[in-house]
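Note sheet for the following structure.
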Amino acid sequence: MTEPQDFLEYIVKGIVENPDDVAVTKTVDDMGVLLTLDVNPDDMGQVIGRQGATAKAIRTLVRVAGMKTQARVNVRINEPNKEGESAE
């Protein structure tokens, strides 16, 4: 579990009710590594936490894990679309 992507997936699967719905997408560019997190809409509250505290802690842990591989890692949490709404 040396990759920040694997670490993020491991952390999030441990706190959500639907671990099979967790998906992490990795994008690399000149700014560093961007990990995009998708979770079940019912699990968003658990991933974000009160006033964003859990999300902030997750981002900090993954950023530190990225430092071990000399990579600048950022985490983006995708807000799931609610049924009936269009993605804009």
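The values are calculated or read from the model by the stated rules, or taken from the named source; none is laboratory data. Just so it is clear, the structure is predicted and the values come from calculations on it, not from any experiment. Positions of Cβ are backbone-derived with ideal geometry, glycine not excepted, and every protein chain shown enters the neighbour counts.
Here is how the numbers come out for the structure above:
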quantity: Failed criterion for VAL39 (all others in (1) in contact with a strand residue (DSSP E or B) (Cβ under 8 Å, 6 or more places away or on another chain); (2) under 15 Å from GLU3 (Cα atoms) hold); calculated: (2)
quantity: Subset of the range 3-30 (residues that are more than 13 Å from the chain's Cα centre (by Cα) and within 16 Å of ARG59 (Cα to Cα)); calculated: GLU3
quantity: Filtered residues of the range 1-27 (kept if part of a helix (DSSP H, G or I), among the small types (Gly, Ala, Ser) and within 11 Å of ASP38 (Cα to Cα)); calculated: none
quantity: Selection within the range 18-48 - over 26 Å from LYS68 (Cα atoms) and small (Gly, Ala, Ser); calculated: GLY45
quantity: Filtered residue count, the range 32-53, keeping only those that are among the β-branched types (Val, Ile, Thr) and either over 19 Å from LYS13 (Cα atoms) or over 11 Å from the mean Cα position of the chain (by Cα) (or both); calculated: 1
quantity: Test: residue in the range 18-27 that is out of contact with any Pro (no Cβ under 8 Å at 6 or more places or on another chain), among the polar types (S, T, N, Q) and loosely packed, with under 12 Cβ neighbours inside 10 Å; calculated: no
quantity: Residues of the range 39-75 classified as of a type outside the set (S, T, N, Q), surrounded by fewer than 16 Cβ atoms within 10 Å (Cβ to Cβ) and not in a helix (DSSP H, G or I), total; calculated: 3
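Results for (1) at pLDDT below 95; (2) of a type in the set (Val, Ile, Thr), shown as yes or no for each residue.
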residue	(1), (2)
ASN40	yes, no
ASP43	yes, no
GLY52	yes, no
ILE58	no, yes
MET67	yes, no
GLN70	yes, no
VAL73	yes, yes
GLY84	yes, no
